[in-house]
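Here's the structure, in structure tokens; my notes come after.
The values are calculated or read from the model by the stated rules, or taken from the named source; none is laboratory data. Since the model is a prediction, treat every value here as computed from it, not as a measurement. As a convention, Cβ positions derive from the backbone with ideal geometry for all residues, glycine included, and neighbour counts pool all protein chains shown. Heavy atoms of the whole protein, side chains included, go into the accessibility calculation; ligands, DNA and RNA do not. Shrake-Rupley method; radii C 1.70, N 1.55, O 1.52, S 1.80 Å.
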Amino acid sequence: MQSPTAFFGFTPGSDRHIVHWDKLCAYYRLLAAESDRVRCIEMGKTTLGNPFLALIISSPENLTKLDDYRDISMRISDPRGLDDQTIARLCEDGRAVCMQSMSLHADEIGGAQMAPALAFDLATGQTPEIAKILQNVIFIMVPSFNPDGLDMIANWYDETLDTPYEGSGYPKIWHPYGGHSNNRDAIAENLVESRYVNQLLFREWMPQAYQDHHHQGAFSGRFFIVPYENPVRPFCSPLIWRELAFYGSNMAIRLESEGIRGVISDAIYPCRGHFGFHYMVNSHNIAGMLTESASARLATPIFIHEEQLNNPIENTHCPNPWPGGEWHLSDIVRQQYIAAMGLLSTMANHRSMVLRNMVQKALRQTHAGETNSIQAFLIPPDQHDRFTAYKLVDILQRQGIELSVAAEPVAAKSGVYPAGTVIVPLAQPKYGVIMTLLARSDYPDNEFTRRPDGSIAAYDVMTDNIAEYMGVCVVPAFSAVKVKTKPYCVSPGTSDLNRAFPASENDSFRQANALLNAGHPVFRASNGDFHANTCPEGALPVRLARLGVFQARVGGNPDEGYTRLLLEQFGFPYKTVEPDNLIEALNDLDVLLVPSYSADSLRGRGTDPETLPPAYRSWLTEDHEQALRDFVERGGRLLAFDAAVMYAVDVLRLRIRNRAEGQPASAYNTHGSTLRVNVSCSPYTLGMPQDALVLHFNSAALEITERVNPEKYRCDVRFIREKLLMSGLLIGEKYIKGLPCMITAQVGEGEAVLYAFSPQYRAQTDGTFKLLFNTLYIM
């Protein structure tokens, strides 16, 4: 059987080499064909049509009984109804299941380059350690979480090899949509790669441990491993945090014994990080781990002087700091390999304990749900947007959450809800996931989150309440729900072209766009409802705007990527506009959408052009900005999201100021919280409820200063005047209370629509999609 070195002609991880995905696929398929320890499964195609692979590695005997072991793994993850004898038998007969994934962030190439050696050694090794791993563990490996991005990075590296730009960062977004935020898609599953990984995690296997291999900056510690630092994520099983310390200690000992310096744990990365894959699984009772290797310059070595390091002094978190020197991709590959093998070996040595712990976590989480003051969450059928409510329930089901539908009215403290209400009981192993996704929450303000300057640190958003993002009404039930139930089944209705498509439903925009794109006439009534075939009195014909989405030439922006994804999901045609073609493109556009780019990034400030090939040294200049003014003044529509709002204000010379400008985070901070707003009646708010929530991320506090012609400024959405916070954190309410967060400003014959939030954040904030969609038609 060929080793990776023999197959590729060099050892993966060698200086100045990156193995492309097609070659990696060929190797994994060869391993599976030649080894009875390896199965190679193509889960499906990636976003760009590449194979998405999962390898299952274990002993030949285990692989012949794979369905049995999968069944055991799923049963011990939810042992309700099993007697002690059955549980004991399952734990005795089962195998520990470990899943590890590589290079989710495509420029973090170490994992994808390490995986061939790991797979080969497990497929061919004869050591006692490997024999024990194969006997006691079923190892599921995702050798590249982002194959499309891997090829983008590999191609970029090959193109710049032996040039002044060798090893420079890829200047575009290295996933077709998600970029560095593709790991933030674990709940929504907007990306097909997310669906494949969650299928393995929650719908097929429920492994007892999951580890995701990443990179961090070049000048920090050499290698982060679990445990994470405080604060903990609430509602997780306490056993999870003990398991992470246990696994991390075993990996740390192994790394130290192998001479790896600069290993750090219980620092940098908090337990309460983003609700992405390696963090989210902890709420599922799966020990979720992250490794973070210091980066090289892709596959090109880097030399780091000791004084350049952000090294901690010697301490219990990092007892053996790295002193500096040359740093190679091979160093990254080696330490990730050691950690990956260390986790597998620990699970093999403690198989029975690992399985018993899974049972205990499930039972204790079920008990936590039973004793919580909230007993269940109710999702009534009479929602403002019923299709989005269906979508929420689908998200919950894909996470493996148990739910049912009331066959009769449900009485709760807040009222009586009709038959058809979805019931999500808390007394189940997924208790922690349910509370995170559906319960109103406050971000902690304590010794673990307070910085020395008085600000509060957050790794990502301060609330993960997906129901609030989506604008779906979810009702807590404070007593056990005891009604007749039936299985959940979606009944979305028909696509009868003779009926109205209500503006209150996001799906109506998709249906209307399908008709418009097929050449059918569509009319819109004054209340926003869409009509096909017939034109009610007062309705107007609509057409899709000629839409351009601005994309900076450098600095791949996930907000831009997820915007494109959302437009495609709902059938809005668009063209990508870059600085090089902006002036010409504006002649053929009705609407230009600028995603959340800061003014400095749009103008290229803070970027050294000498670090980029000449083709990428392109930013918005005074000529571009004059063209933008001309475009709007002659009737165009400019949409500016979040960080781009004050750029639009400056370019179009609007009389608007940012009331919170210059305020430190200790005085003004929302960092991904849901805030309450009032929605006015206007053409761009059609279909919205009067009271809504927006996801707010330290956005500009917009104050209109126009005194001569204030009628040229329309406030479409405005913050309420007190108690703005729904979930998360709000410091500095005084800066935004009562102020508009969506303004339409008349500029000549055209207009600018300013969103001091992101209405389409990561394609997850369904509750505010309509505030974007309404602007994308011409009537």
*Residue check, Leu586 among the hydrophobic types (A, V, I, L, M, F, W, C) and closer than 29 Å to Glu633 by Cβ*: yes
*So Arg450 fits all but one of (1) modelled with pLDDT of 95 or more; (2) in contact with a strand residue (DSSP E or B) (Cβ under 9 Å, 6 or more places away or on another chain); (3) surrounded by fewer than 24 Cβ atoms within 10 Å (Cβ to Cβ); what number is the exception?*
(1)
*Which of the residues belonging to the range 420-450 are in a loop (DSSP other than H, G, I, E, B) and either free of Cβ contacts under 8 Å to residues at least 24 places away in the same chain or within 24 Å of Asn285 (Cα to Cα) (or both)?*
Leu426, Ala427, Gln428, Pro429, Lys430, Ala439, Arg440, Ser441, Tyr443, Pro444, Glu447, Phe448
*Considering every residue within the range 250-258, establish whether at least one is over 22 Å from the mean Cα position of the chain (by Cα), in a loop (DSSP other than H, G, I, E, B) and farther than 23 Å from Asp464 by Cβ.*
yes
*Go through the range 652-677 residue by residue and tally those that are basic (Lys, Arg) and more than 30 Å from Gly635 (Cβ to Cβ).*
2
_With the structure loaded, tell me whether Ser283 is over 30 Å from Asn372 (Cα atoms) and either in contact with a His (Cβ under 6 Å, 6 or more places away or on another chain) or polar (S, T, N, Q) (or both) or whether it fails that test._
no
*asked:* Which pairs turn up if I take residues in the range 629-652 that are within 15 Å of Pro759 (Cβ to Cβ) and look for partners that are polar (S, T, N, Q) and assigned to a loop (DSSP other than H, G, I, E, B) with beta carbon separation below 6 Å, at least 6 apart in sequence or on another chain?
replied: Phe641/Ser596; Phe641/Ser758; Asp642/Ser596; Asp642/Ser699; Asp642/Ser758; Ala643/Ser596; Ala643/Ser598; Ala644/Ser596
*Report, by residue number, each residue of the range 536-582 that is acidic (Asp, Glu) and closer than 22 Å to Tyr761 by Cα.*
Asp559, Glu560, Glu568, Glu578
*If we keep just the residues of the range 436-447 that are surrounded by fewer than 24 Cβ atoms within 10 Å (Cβ to Cβ) and not hydroxyl-bearing (Ser, Thr, Tyr), which is nearest to Arg364 (Cα to Cα)?*
Ala439
*Wholly enclosed helices (runs of 4 or more DSSP H) of the range 511-607 bearing at least 1 residues crowded, with 21+ Cβ neighbours inside 10 Å and among the aromatic types (Phe, Trp, Tyr)*: 558-569
_Evaluation of Met102 against (1) over 20 Å from Ser14 (Cα atoms); (2) within 28 Å of the chain's Cα centre (by Cα); (3) crowded, with 19+ Cβ neighbours inside 10 Å (one fails), failing number_ = (1)
*Taking into account only those residues within the range 303-355 that are in contact (Cβ under 8 Å) with a residue 24 or more places away in the chain, more than 29 Å from Pro128 (Cβ to Cβ) and assigned to a helix (DSSP H, G or I), which is least open to solvent (accessible area, probe 1.4 Å)?*
Leu329
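Yes or no, residue by residue, for (1) of a type outside the set (A, V, I, L, M); (2) under 18 Å from Ser330 (Cα atoms); (3) part of a loop (DSSP other than H, G, I, E, B):
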residue: Asp107; (1), (2), (3): yes, yes, yes
residue: Met114; (1), (2), (3): no, yes, no
residue: Ile130; (1), (2), (3): no, no, no
residue: Gln135; (1), (2), (3): yes, no, no
residue: Phe145; (1), (2), (3): yes, no, yes
residue: Asp148; (1), (2), (3): yes, no, no
residue: Thr163; (1), (2), (3): yes, no, yes
residue: Tyr177; (1), (2), (3): yes, no, yes
*Looking at the range 728-748, which of its residues are touching a residue at least 40 places away in the same chain (Cβ under 8 Å) and either in contact with a helix residue (DSSP H, G or I) (Cβ under 9 Å, 6 or more places away or on another chain) or open to solvent by less than 10 Å² (accessible area, probe 1.4 Å) (or both)?*
Gly728, Leu730, Ile736, Cys741, Met742, Ile743, Thr744, Ala745, Val747, Gly748
*Would you tally the residues in the range 377-419 being outside any helix (DSSP H, G or I), of a type outside the set (D, E, K, R) and over 21 Å from Asp691 (Cβ atoms)?*
14
_Give all pairs with beta carbons closer than 7 Å in which a residue from the range 59-71 that is at pLDDT 95 or above meets a residue that is among the acidic types (Asp, Glu); count only pairs at least 6 apart in sequence or on separate chains._
Pro60/Asp36; Arg70/Glu204
_Residues located in the range 30-52, provided they are basic (Lys, Arg) and either more than 28 Å from Glu159 (Cβ to Cβ) or surrounded by 16 or more Cβ atoms within 10 Å (Cβ to Cβ) (or both)_ = Arg37, Arg39
*asked:* The conditions are (1) basic (Lys, Arg); (2) open to solvent by less than 40 Å² (accessible area, probe 1.4 Å); (3) farther than 30 Å from Glu108 by Cα, and Arg70 fails exactly one of them. Which is it?
replied: (2)
